[in-house]
Amino acid sequence: MSLVARNALIALALTIVLTATVVYAVAYLNNARMAELATIEDQISIDTLSLETQFSLLASAPCDSAASSTVLSGELADLGTRLAYAENQLGSDNPQVMRLKYRYSLLEIRDYLLTKQFASACRTKPTAVLYFYSNSGDCPDCDNAGYALSYLRDTYPTLRVYSFDYHLNLGALKTLIAVNKVKDTLPAFIIDGKVSYGFSSLADLEKRFPKGALATSTSLSGR
Amino acid sequence: MGVEVIAYPFLFIAVYFEAFVLVTLLSKPARAARARASGAETPTVAVIVPCYNEEETVAGTCDSLLALDYPKDKLEIILVDDGSTDGTRETMARFAGNSQMRIIRKENGGKHTAVNAGIAATSAEFVGCLDADSFVESGALREIIPCFAEPRVAAVTAAMSVHKPSNLLLHMQNAEYIFGITLRHALATVDGLYVTPGPFSFYRRSVLEELGGFRKGHNTEDMEMALRIQRAGYGIENAVRARVYTKAPHTIGKLVKQRTRWTTGFIRNVLGEYRDLIGSRRHHALGMLILPLAVTAIVSGITLFFLAIGTSVRNALTALEIREGIPLSYVLTPHPSFDLFYFPASLFLFLAALTVLLSFAFIVIGKYVSKTPGRLGLGLVSYLFLYGLIVPLWLVRSVSDVVLGIHRSWR
């Protein structure tokens, strides 16, 4: 075998090994990312359960644990951001992403229900948005709506935003959609118990909130 | 996975080429070439300096040639004034009294005619060329002559770097030239060189006579001659420690003009008169690997450029659309996250990083094996951040020139 042919073959083998190493490294990092998400989800799951238990135990004075619920919502929002990033990187058809998304949606629903329970028991009026989106290409305004909600959440930290993939095949989510009679005209929002559809501008979205709901929240608009 | 998938084959080919260079560098012939001692033999040599309006640099070029460590009676320096219109003639006249120097004046006819006039005026066994904006180190010629030991070696190239780089663009080119030292050193051992650069390439005179001297070669006479030598079955060697420093374009406009000339010359020569070399089994590495990869590099450079432009514009438009109506105070506030979770680990990024890392390794290797002086820090930084932005400019311009049949002047 000539020197050139020998070098060319060794180089090919080396290239394949290097490329395989890169593929492995990317897969390893993505798996680590998924594992991190799963750990966060587990922690939130435990925290939610703990809060629910606390709520039951302190039936006479449930409002004592209200602060924990707020912290939990913040963690949930962070998890949502991470999950959205992972979905964007790995694709909506990634089974691991989908599994985590199911769990995340369940946690969101549980947190939403818990928030409602606290609100009822403690006579508070937390502002919450249930936001239904789609990544299946049937919601051209969802990216805009998602960014506007991120802005609102960052500007008004007490605002609770629960995002749901409308097409997610999850029983609890289907029930939530059915109970609230949310149609598949996306994006859809449930604000203060009222369902609304479409997104045209931030100003239009803000108008759907009860009067003073955003203004009475802790505003960070001056930052 | 998006449009970046188009880039994967090109990145794979880039890694493959670099792996080939790496393997070749480590092979026995390359090690033997590095171990080759500078020679004691001193055959007759002539160095031709073709000049056209080089009044600022030609004196320095001559001084460096006169300082070469070589017997004076064996080294002839032929200055060819190719009809300069500036003070080149007067500058040359200062060397008229030197016994090693010969000065030829002729009507302007292009670099190839100036070199041919020099060749016709000498009977030296080996003939070298040195552009009048380049300077040699004193030991360079003694590194080159031993490379002609094999009779089939028709030409020998030197190790070029940039003369006193003083701005980022020059540092970038210096890094690129030193990268070129490694490539030339490796590819010479598998007969893969297709250019004998103007700065201090040498030729066996008998072969030049056999092949018929220099041609215009689409304004790349050094490439045309190298391709002709390869086609004739001769070898082109490289003297990796024969250091020569050349003045490089110091503005982007001039650099793009120079590289457009080189690239259009490559396309017109290789895809034109020397098309038969591509895929030629008789020419081993050059035909089967180097030339096809060089053509692919042009295609890949342009494809990746338009891919990057398209992706950036699309992302920018999407980002603008999404942010429409949101207060600027929020939009313009960066929301950085230094969490490793958000590190964009992708096949594209890692393969691109691998090619860059290997390029850096070759630059360091080039400096080490050629013993080129100076620091590399600025060169590596500017190479990393500037090179990829500038290369597409001359690639696109070159291809459009060839497609549209545009022929530009040398300067």
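Normalising by the residue count of chain A, find the relative contact order in percent from Cα pairs under 8 Å and 6+ residues apart. Computed value for chain A: 18 percent relative contact order.
Modelled label positions at A:Val179 and B:Ala232, each set 7 Å beyond Cα in the direction of Cβ, lie 9.0 nm from each other.
Just to be sure I understand: of the beta bridges DSSP finds with both ends in the protein assembly as shown, what percent are antiparallel, rounded to 5? Provide the component values of the computation, followed by the final result.
Working: 17 of 48 bridges.
Around 35 percent of the beta bridges assigned by DSSP in the protein assembly as shown are antiparallel ones.
Okay, which of segment A:1-15 sit inside 11 Å, backbone N to the point 7 Å along the Cα-Cβ direction of B:Lys28? Within reach of a label on B:Lys28: A:3.
Put simply, the protein assembly as shown fits an ellipsoid with semi-axes of 70, 25, 21 Å; these come from the alpha carbon gyration tensor as the roots of five times its eigenvalues, largest first. Figure legend: label point modelled 7 angstrom from the Cα of B:Asp86 along Cα→Cβ; residues of segment B:237-253 with amide N under 16 Å from it are B:247-251. Within segment B:295-411, the ratio Rg/Rh, alpha carbon atoms throughout and Rh by Kirkwood, equals 1.08.
When all protein chains stay in place and ligands, DNA and RNA are ignored, the 1.4 Å accessible-area order of B:Ile103, B:Ile298, largest first, is B:Ile103, B:Ile298.
Just report the Cα centroid separation between segment A:150-174 and segment B:176-234, whole Å. That distance is 66 Å.
In chain B, the longest principal axis of the Cα atoms and the axis of helix B:111-120 are about 30 degrees apart. Which value, in Å² and to the nearest 10, is the accessible area of A:Asp192 when all protein chains are kept and the probe is 1.4 Å? A:Asp192 has an accessible surface of roughly 90 Å² with all protein chains in place.
How big, on average over all directions, is the shadow cast by the Cα convex hull of chain B, in nm²? Don't skip to the answer; put the middle values down first.
Values: hull surface 92.0 nm².
Taking the Cα atoms of chain B, their convex hull projects to 23.0 nm² on average.
Taking label positions 7 Å along the Cα-Cβ direction at both B:Gln258 and B:Ser138, the computed distance is 2.8 nm, reported to one decimal.
In the elastic network of chain B, a GNM with C-alpha springs shorter than 10 Å, the most mobile of B:His171, B:His112, B:His250 is B:His250. With respect to the cross-link table entries B:Lys164/B:Lys254; B:Lys106/B:Lys247; B:Lys72/B:Lys247; B:Lys72/B:Lys367; A:Lys125/A:Lys174; B:Lys111/B:Lys216, which display a Cα-Cα separation exceeding 19 Å? Cα-Cα > 19 Å for B:Lys106/B:Lys247; B:Lys72/B:Lys247; B:Lys72/B:Lys367; A:Lys125/A:Lys174; rest within. Considered as an equivalent ellipsoid built on the Cα gyration tensor, segment B:1-77 has semi-axes of 43, 24, 8 Å, the largest given first. Here the Kirkwood formula, the inverse mean of 1/r across different C-alpha pairs, assigns segment B:102-192 a hydrodynamic radius of 15.7 Å. Per residue, the Cα convex hull of chain A amounts to 169 Å³. The Rg/Rh ratio of segment B:43-138, with both radii computed over alpha carbons and Rh defined as the Kirkwood radius, is 0.93. Considering every alpha-carbon pair of segment B:236-298, the percent of pairs per 10 Å bin, from zero through the bin containing the longest distance, is 18, 34, 36, 11, 0.
Using only C-alpha positions, report the orientation-averaged shadow area of the convex hull of segment B:25-250, nm², one decimal. Display every interim value, and only then the final one.
Details: hull surface 46.9 nm².
Across all orientations, segment B:25-250 yields a mean hull projection of 11.7 nm².
Taking only the Cα atoms of segment A:127-223, the radius of gyration and Dmax are 13.3, 42 Å.
Probe radius 1.4 Å, ligands and nucleic acids left out: which of A:Asp204, A:Asp184 has the largest accessible area, and how do the rest follow? Kindly include the intermediate steps, with their values, before the conclusion.
Working: A:Asp204 45, A:Asp184 105 Å².
So the residues, ranked largest to smallest area, are A:Asp184, A:Asp204.
Only Cα pairs within less than 10 Å get springs; with that Gaussian network setup on chain B, which residue of B:Arg281, B:Arg228, B:Arg34 has the largest fluctuation? Judging by the Gaussian network model, the answer is B:Arg281.
Looking at segment B:351-401, what % of the alpha carbon pairs are farther apart than 18 Å?
Numbers: 568 of 1275 pairs.
Here the long-distance tail beyond 18 Å is 45 percent of all Cα pairs in segment B:351-401.
Go ahead and set up a Gaussian network model of chain B, Cα springs under 10 Å, then flag whichever of B:Leu193, B:Leu169, B:Leu357 fluctuates most. The residue that fluctuates most here is B:Leu357.
Can you give the mean number of other chain Cβ atoms that lie within 10 Å of the Cβ atoms in peptide A:8-17? Write out the running numbers ahead of the final one.
On the way: counts 10, 2, 7, 11, 4, 2, 7, 10, 4, 1.
Per-residue shielding by partner chains comes out at 6.
In order along segment A:98-106, the phi-based Karplus estimate (6.51 cos²θ - 1.76 cosθ + 1.60, θ = phi - 60°) of 3J(HN,Hα) comes to 5, 4, 5, 5, 4, 4, 4, 4, 4 Hz; Gly and Pro are listed as x. DSSP beta bridges confined to chain B are antiparallel in about 25 percent of cases.
The aspartates and glutamates whose alpha-carbon is closer than 15 Å to the alpha-carbon of B:Lys257, local same-chain residues fewer than 8 away aside, are B:Asp401.
Take the Cβ atoms of B:Ala93 and B:Ala149, set R0 to 35 Å, and the FRET efficiency comes out at 0.35. Computed over protein heavy atoms with a 1.4 angstrom probe, the accessible surface ordering of A:Lys181, A:Lys211, largest first, is A:Lys211, A:Lys181. Size check on segment A:1-126: the Cα extents along the three principal axes, sorted descending, read 88, 21, 18 Å.
The values are calculated or read from the model by the stated rules, or taken from the named source; none is laboratory data. Note that the structure is a prediction, hence the values are computed from the model and not measured. Every residue, glycine as well, gets a Cβ built from its backbone with ideal geometry; the counts of neighbours run over all protein chains shown. Side chains are part of the model used for accessible areas, which takes the heavy atoms of the whole protein and leaves out ligands, DNA and RNA. Shrake-Rupley method; radii C 1.70, N 1.55, O 1.52, S 1.80 Å.
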